[in-house]
Amino acid sequence: FFVAPERAALPPGEVRVWLLAAEAQLCRAMGDSRRTLAALCAGGAAGYLAGQGSGYPTSQSTGLLWLAANARAALGGPIAGRLRWLAQAELLVPLRKQSFSIDNLGVAWKSRPVGARLGLGAEVSLW
């Protein structure tokens, strides 16, 4: 998954931060796959957390290893044939606090202790 760039101002410039990560989960499905189906999942995510400064006398880019534990609840059901609706909510808890700072100015960006994602969509079963 990708988290769009976030800008953090620290005058006289700013720091742009983004995340690119992948996740793996184990899930326990409950219900009949032909009707409403619920699932609870737990797993982890790993990715690249990037920070780029701009507007400073010397601006640099750097990246950090980002790791998180996650839990997800999902609910889905049939629409027609092999087409199903899907709704999900996920919590992500980074395994360590991370930050990007500017020398002699301070911390421009700090990771949040918990993240969340919500999703609503459709899926097609191939078999």
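Observations on the model:
- Area accessible to solvent at Trp109, 1.4 Å probe radius, in Å²: 30 Å²
- With all protein chains modelled, accessible area of Phe2 [1.4 Å, Å²]: 120 Å²
- 14 Å beta-carbon shell around Gly115, net charge (K/R +1, D/E -1): +3
- All other residues whose Cβ lies under 14 angstrom from that of Leu95 are scored, Lys and Arg at +1 and Asp and Glu at -1, for a net of +2.
- Think of each Lys and Arg Cβ as +1 and each Asp and Glu Cβ as -1; about the Cα centre, that makes the dipole of the chain roughly 360 debye.
- The length gained on full extension between Leu26 and Leu40, counted as 0.36 nm times the residue separation minus their Cα-Cα distance, comes to 4.2 nm.
- Under the simplified labelling scheme, the Ala116-Asn104 pair shows an inter-label distance of 4.2 nm, with each label point 7 Å from Cα along Cα→Cβ.
- For the chain, the Kirkwood hydrodynamic radius from C-alpha pairs, put into Stokes-Einstein at 37 °C and a viscosity of 0.692 mPa s, yields a diffusion coefficient of 195 µm² per second.
The values are calculated or read from the model by the stated rules, or taken from the named source; none is laboratory data. Just so it is clear, the model here is predicted, and its values are computed rather than measured. Don't worry about glycine lacking a Cβ; one is built from the backbone with ideal geometry, like all the others, and counts go over all protein chains shown. Keep in mind that these areas ignore ligands, DNA and RNA; they rest on the heavy atoms of the full protein, side chains included. Shrake-Rupley method; radii C 1.70, N 1.55, O 1.52, S 1.80 Å.
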